[in-house]
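This report concerns only the one structure given below.
The values are calculated or read from the model by the stated rules, or taken from the named source; none is laboratory data. What you see is a predicted model, and the numbers here were worked out from it, not measured in a lab. Methodologically, a virtual Cβ is constructed for each residue, glycine included, from the backbone with ideal geometry; neighbour enumeration extends over all protein chains shown. Surface accessibility is based on the protein's heavy atoms, side chains included, excluding ligands, DNA and RNA. Shrake-Rupley method; radii C 1.70, N 1.55, O 1.52, S 1.80 Å.
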Amino acid sequence: MSTAGSREHLVTSVEQLECIYGEPYGPSIQKVADRITPHYRAFIEAAPFFALASCGADGLDCSPRGDAPGFVRVHDEKTLLIPDRLGNNRIDTLRNLIVDPRVALLFLIPGCGETIRVIGRAQISTDPALAESFVVNGKVPRSVLVVSVEQVFYQCTKAIVRSKLWDASRHVDRKNLPSAGMILAERTGGKTDAEAHDRATPERIKATLY
């Protein structure tokens, strides 16, 4: 692994870290709950998007998950239920959960500066009745993640404020970045037709959304 700067300045112990950063700010400890409180529930149910981190035999993974607000169901104060919507069948997260159930979730709510972090352990359920309860447009998810919550807390607004994430005037024009087709063409040595792939994408997404 390459690194910038001299090795003598690398931080290699918790003691060094604590010396550099000092004590945690009081509320950063006080805000942590071991269950989903009513206030935290309100945030989770308002979120249309979260990132899901997991760990498996081949390393770490972080996967985006999104749907209408409330798609992450608060079953009770210690349990979240999450439908596994149709994807690309890499199933990186699910593979990881088979060997290591630990997960971390980061919820984002458009227009809201705070983010919500959940730490826990997840299992994969194919219970027919449970899956059916998440049906959308006649489509039933093939599995549902059952997350046992160990910690939940909010992250302050600094990252969102600094990034101006919700400021529409700062949004990037998609045309200024490489398209998915261009990336695939490069990765396949030109075997993928970039323009054809990109032309088909909107209809393909619509047909496979659920």
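Please state which one of Glu132, Glu186, Glu77 is of a type in the set (Asp, Glu) and within 29 Å of Gly26 (Cβ to Cβ). Break it down stepwise before answering.
Working: Glu132 fails: within 29 Å of Gly26 (Cβ to Cβ); Glu186 fails: within 29 Å of Gly26 (Cβ to Cβ).
Exactly one of Glu132, Glu186, Glu77 is of a type in the set (Asp, Glu) and within 29 Å of Gly26 (Cβ to Cβ), namely Glu77.
Could you list, ordered by first residue, the pairs with Cβ atoms under 6 Å in which the first is in the range 126-146 and closer than 13 Å to Leu86 by Cβ and open to solvent by less than 70 Å² (accessible area, probe 1.4 Å) and the second is of a type in the set (A, V, I, L, M, F, W, C) and not in a loop (DSSP other than H, G, I, E, B), at least 6 apart or interchain?
Listed by first residue and then by second, the contacts come to Ala131/Val144; Val140/Ala131; Pro141/Ala131; Ser143/Ile124.
Considering each residue of the range 148-167, count those that are assigned to a helix (DSSP H, G or I) and either open to solvent by less than 70 Å² (accessible area, probe 1.4 Å) or hydroxyl-bearing (Ser, Thr, Tyr) (or both), and give that number.
If we filter the range 148-167 for residues that are assigned to a helix (DSSP H, G or I), which is where we start, we get 158-163.
Subset that is either open to solvent by less than 70 Å² (accessible area, probe 1.4 Å) or hydroxyl-bearing (Ser, Thr, Tyr) (or both): 159-160, 163.
Residues meeting the conditions: 3.
Looking only at the range 56-87, count how many residues are out of contact with any Ser or Thr (no Cβ under 9 Å at 6 or more places or on another chain), open to solvent by 40 Å² or more (accessible area, probe 1.4 Å), among the hydrophobic types (A, V, I, L, M, F, W, C) and at pLDDT 95 or above.
Selection size over the range 56-87: 1.
Taking the conditions exactly as written (among the acidic types (Asp, Glu), loosely packed, with under 11 Cβ neighbours inside 10 Å and over 20 Å from the mean Cα position of the chain (by Cα)), does Asp193 satisfy them or not? Please lay out each step first, then the result.
Working: among the acidic types (Asp, Glu): yes; loosely packed, with under 11 Cβ neighbours inside 10 Å: no; over 20 Å from the mean Cα position of the chain (by Cα): yes.
Judged against the criteria, Asp193 is not a match.
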